[in-house]
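Any read-out appearing in this document is the output of simple, stated calculations on the displayed coordinates, not a laboratory observation. Computed from a predicted structure; not experimentally measured. Every residue, glycine among them, receives a Cβ derived from its backbone with ideal geometry; neighbour counts consider all protein chains shown.
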Amino acid sequence: MLRFLLSSLLVLAEAGQATPIRRDETVVLFPGLARRVDADSWEIRLHGWVFEKERRGVALAVFRKALGNDESELTPGEKEIFTSRAGPFLVDNERRKRIFVRMCGREYAVGPTGADGHVIAKIRIPASLVDSFLETFADQRRIALHTTTDDPNVPTVSGEVHLLEPTGFP
């Protein structure tokens, strides 16, 4: 009985732990937004999504039919476009995933993801760091970021954060 109880506690403890990204999972970093909190710091809002692409032929056919698309009336090109656009609706969202991002020369942990595979995090960064990594492109001030992992088989994903001054965008 004691062994069962200890095993159950271990399973529950592991269930609450965030896990690293695996090579069969996809990470999406949505464009972030930063606002100046005060003269010395920026608050950066990051939004990420972790999911596993699924081969769901039946689900795709049901989805197509629910939208009123008859597969026999679609050209091969239209089928390909539909499949690529419907894909994000038919994924296995990954919960309890921790994303690590590198920006402004430092690494930050973001997460864990929720049941929907999404995570939204706010990170405060010193203004001096932001200023040293700032890029300007077409009058837009931004900083670059990318995911990091210990697993060399997991691809790196790049993203960007747009800086919003108190006066707004130029």
Highest GNM mean-square fluctuation among GLU73, GLU135, GLU43, for the chain with Cα springs under 10 Å, belongs to GLU73
Can you give the Rg to Rh ratio of the chain, both from alpha-carbon atoms, with Rh computed by the Kirkwood formula?
-> 1.10
Convex hull projection area averaged over all views, the range 77-170, Cα basis, nm² | 9.2 nm²
Charge context of ILE21, other residues only, Cβ under 13 angstrom, K/R +1, D/E -1 | 0
So what's the back-of-envelope 222 nm ellipticity for the chain, counting only DSSP H runs of four-plus at -39500 (n - 2.57) apiece and dividing by all residues, rounded to 500?
-> -7000 deg cm²/dmol
Short version: ³J(HN,Hα) in whole Hz for each residue of the range 154-160, in order, from phi by Karplus 6.51 cos²θ - 1.76 cosθ + 1.60 (θ = phi - 60°), x for Gly and Pro, what are they?
-> 8, x, 7, 10, 9, x, 8
Over all Cα pairs of the range 11-86, the Kirkwood radius sets Rh, and Rg/Rh then becomes 1.20
